[in-house]
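Visitor: If you scroll down you'll find the structure; I have some questions about it.
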Amino acid sequence: MKRTLPLLFLILVACAPVALQDAPCDHPVRTSGVSVTCVIDGDTVRLADGTKVRFIGVDTPEKDEYGYRNATQSTIPLINGTAVRLTKDVSETDKFGRLLRFVYAGDVFVNEELVRQGWARARDYPPDIANAPVFHAAQDAAKQDRAGLWSER
């Protein structure tokens, strides 16, 4: 019995990434480059290995907030079927253990595009502020255009 427990533990640890990968996904996607399998919400995706990636410098509405569905639905076509690249600013992860990355889908800078469409707000989270001016300019344009969250409800 004493030998069985360590073996069982090793099997469970080895299978954990598979379990994460197969967790239910309301918004499955397929990408090349970095393999994204699921859009969790407007600013978070899950990779094939189960790792969650949080988009740097932007914030989309949460499930109980106005614009959540639109933000999530806007992220899906931006990345689905594209070659995704992730780049790091300063921090590796946030306090929830998610990778912090700038997300590119083909030629589209996804973080910026979500703000430009009005479904994400520019948010500065120092020290990860390399593209803060880009995001704030996109937000100003979205407000001026009354796009997304800035439209009259």
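Visitor: Assign unit charges at the C-beta atoms only (+1 for Lys and Arg, -1 for Asp and Glu), then state the dipole size of segment 96-153 relative to its Cα centre in Debye, rounded to the nearest 20. Each step should come with its number before you reach the end.
Guide: On the way: 8 positive and 8 negative charges, 48 e Å.
So the magnitude is around 240 debye.
Visitor: Could you provide, to the nearest whole Å², the per residue accessible area of segment 36-153 with probe 1.4 Å? Could you put the intermediate results ahead of the total?
Guide: Working: 5820 Å² over 118 residues.
I get 49 Å² per residue for segment 36-153.
Visitor: Between segment 133-153 and segment 86-101, how many Å separate their Cα centres?
Guide: 25 Å
Visitor: In terms of modelled amide H atoms, which long-range or inter-chain residues lie less than 5 Å from the amide H of Ile56?
Guide: Residues meeting the criterion, in which the H sits 1.01 Å from N, are Arg101, Phe102, Val103.
Visitor: Once the Cα gyration tensor of segment 55-124 is found, what semi-axes does its equivalent ellipsoid get, as square roots of 5 times the eigenvalues, in whole Å, sorted largest first?
Guide: Numbers: eigenvalues 66, 55, 23 Å².
Calculated on Cα positions only, the semi-axes equal 18, 17, 11 Å.
Visitor: Keeping all protein chains in position, work out how much accessible area Arg123 exposes to a 1.4 Å probe, and write it in Å² to the nearest 10.
Guide: The accessible area of Arg123 comes to roughly 90 Å².
Visitor: How large is the dipole of segment 64-135 about the Cα centre if only Lys and Arg carry +1 and Asp and Glu carry -1, each at its Cβ, rounded to the nearest 20 debye? Walk me through the numbers before you get to the answer.
Guide: On the way: 9 positive and 10 negative charges, 21 e Å.
Taking the Cα centre of segment 64-135 as origin, the dipole is about 100 debye.
Visitor: Sticking with this one: Please compute the Kirkwood hydrodynamic radius over segment 33-153, one decimal place, Å, based on all pairs of different Cα atoms. Show your work: numbers first, answer last.
Guide: Details: mean 1/r = 0.0704 Å⁻¹.
Kirkwood hydrodynamic radius for segment 33-153: 14.2 Å.
Visitor: Along each of the three principal axes of the Cα atoms of segment 33-81, give the extent in whole Å, ordering the values from largest to smallest.
Guide: Per principal axis, max minus min of the Cα coordinates gives 31, 19, 18 Å.
Visitor: Give me the net charge for the shell around Thr31: Cβ to Cβ below 12 angstrom, other residues only, Lys and Arg +1, Asp and Glu -1. Walk me through the intermediate numbers first.
Guide: Working: positive: Arg30, Arg46, Arg85; negative: none.
Around Thr31, the charge tally is +3.
The values are calculated or read from the model by the stated rules, or taken from the named source; none is laboratory data. Computed from a predicted structure; not experimentally measured. Virtual Cβ from ideal backbone geometry, glycine too; neighbours counted across all protein chains shown. The area values use the complete protein model at the heavy-atom level, side chains included, leaving out ligands, DNA and RNA. Shrake-Rupley method; radii C 1.70, N 1.55, O 1.52, S 1.80 Å.
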